[in-house]
1. Out of the residues in the range 14-30 that are part of a helix (DSSP H, G or I) and within 16 Å of L43 (Cβ to Cβ), state the one that is nearest to the chain's Cα centre (by Cα).
2. With respect to I71, determine if the residue is farther than 30 Å from E164 by Cβ, under 15 Å from the mean Cα position of the chain (by Cα), assigned to a loop (DSSP other than H, G, I, E, B) and β-branched (V, I, T).
3. I need the full set of residues from the range 136-163 which are under 27 Å from D50 (Cα atoms) and in a loop (DSSP other than H, G, I, E, B), in order please.
4. Would it be correct to say that E133 is assigned to a helix (DSSP H, G or I), open to solvent by 70 Å² or more (accessible area, probe 1.4 Å) and more than 30 Å from P79 (Cα to Cα)?
5. Just to be sure I understand, how many residues within the range 1-30 are open to solvent by 50 Å² or more (accessible area, probe 1.4 Å) and either under 14 Å from L81 (Cα atoms) or of a type outside the set (D, E) (or both)?
6. Of everything in the range 49-68, what is in contact (Cβ under 8 Å) with a residue 40 or more places away in the chain and within 21 Å of the chain's Cα centre (by Cα)? Give them in sequence order.
7. Please give the number of the condition F58 fails out of (1) touching a strand residue (DSSP E or B) at 6+ places or on another chain (Cβ under 7 Å); (2) open to solvent by less than 30 Å² (accessible area, probe 1.4 Å); (3) of a type outside the set (A, V, I, L, M).
Amino acid sequence: MERTRVIIADDESIIRMDLREMLTNLGYLVVGEVGDGRSAVNLARELKPDLVIMDVRFEGDEFDGIDAAKILTEEKIAPVLLLTAYSQRELVERAKTAGVTGYIVKPFRESDLAAAIEVALARFAEFRALEKEVGDLRLALETRKLVDRAKGILMDLQGLSEAEAFRKIQKMSMNTRKPMKEVAEAIILAHQASSES
């Protein structure tokens, strides 16, 4: 089985070292370590890890872990598990709106880390599945609208019933080995071109 690939981002090298050791003991593969949020984003863009474990704050840097998490979430690169010594309400709220998939307060044990990682990975997988489902539904709705328009055109121009127009589009789709959406788009474009000339 492939090991989960992880990037660690913390400005304290001792924490990165401890984290690397814990992750290795738990069977995860640490593919990169960085000391700030911007580097974490860049490295994650390059390596496409399965998870980024990142500190909330980086000493002397305005760009924090939550800013980095927001980018990684928006670009759908990897789930982010935030580490923090702070459990302030404001940080938790920012983390939620940034799309952070997990939050763990320091100091933590190996077992705490393992549970937080598994929850973060599961949440991210659910998020991805929902996104795909929404995309599929959008495509189905778009296809249906186009097929309805194309049916209307065929009914008007060729005097077909709705069922006959649908069967004609279906048959054209099978004969050309093209999706019904493409066939419907072609009928609509051809009709628009002939209307303009």
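1. Step by step, filter the range 14-30, then rank; the result is L23.
2. For I71, the condition - farther than 30 Å from E164 by Cβ, under 15 Å from the mean Cα position of the chain (by Cα), assigned to a loop (DSSP other than H, G, I, E, B) and β-branched (V, I, T) - is not met.
3. Correct list: empty.
4. no
5. Total satisfying the criteria: 11.
6. Result: P49, D50, L51, V52, I53, M54, G65, A68.
7. (1)
Per-residue answers, yes or no, for (1) open to solvent by 30 Å² or more (accessible area, probe 1.4 Å); (2) without any contact (Cβ under 8 Å) to a residue 24 or more places away in the chain; (3) under 17 Å from the mean Cα position of the chain (by Cα); (4) under 30 Å from T24 (Cβ atoms):
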residue: A78; (1), (2), (3), (4): no, no, yes, yes
residue: A98; (1), (2), (3), (4): no, no, yes, yes
residue: P107; (1), (2), (3), (4): yes, yes, no, yes
residue: S111; (1), (2), (3), (4): yes, yes, no, yes
residue: A125; (1), (2), (3), (4): yes, yes, yes, yes
residue: L137; (1), (2), (3), (4): yes, yes, yes, no
residue: D148; (1), (2), (3), (4): yes, yes, no, no
residue: Q158; (1), (2), (3), (4): yes, yes, no, no
residue: A165; (1), (2), (3), (4): no, yes, no, no
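The values are calculated or read from the model by the stated rules, or taken from the named source; none is laboratory data. Owing to the predicted nature of the structure, the values given are computational and were not obtained by experimental measurement. Because the Cβ atoms are built from the backbone with ideal geometry, glycine has one as well, and the counts that use them run over all protein chains shown. These accessible areas exclude ligands, DNA and RNA; they are computed on the full protein's heavy atoms, side chains included. Shrake-Rupley method; radii C 1.70, N 1.55, O 1.52, S 1.80 Å.
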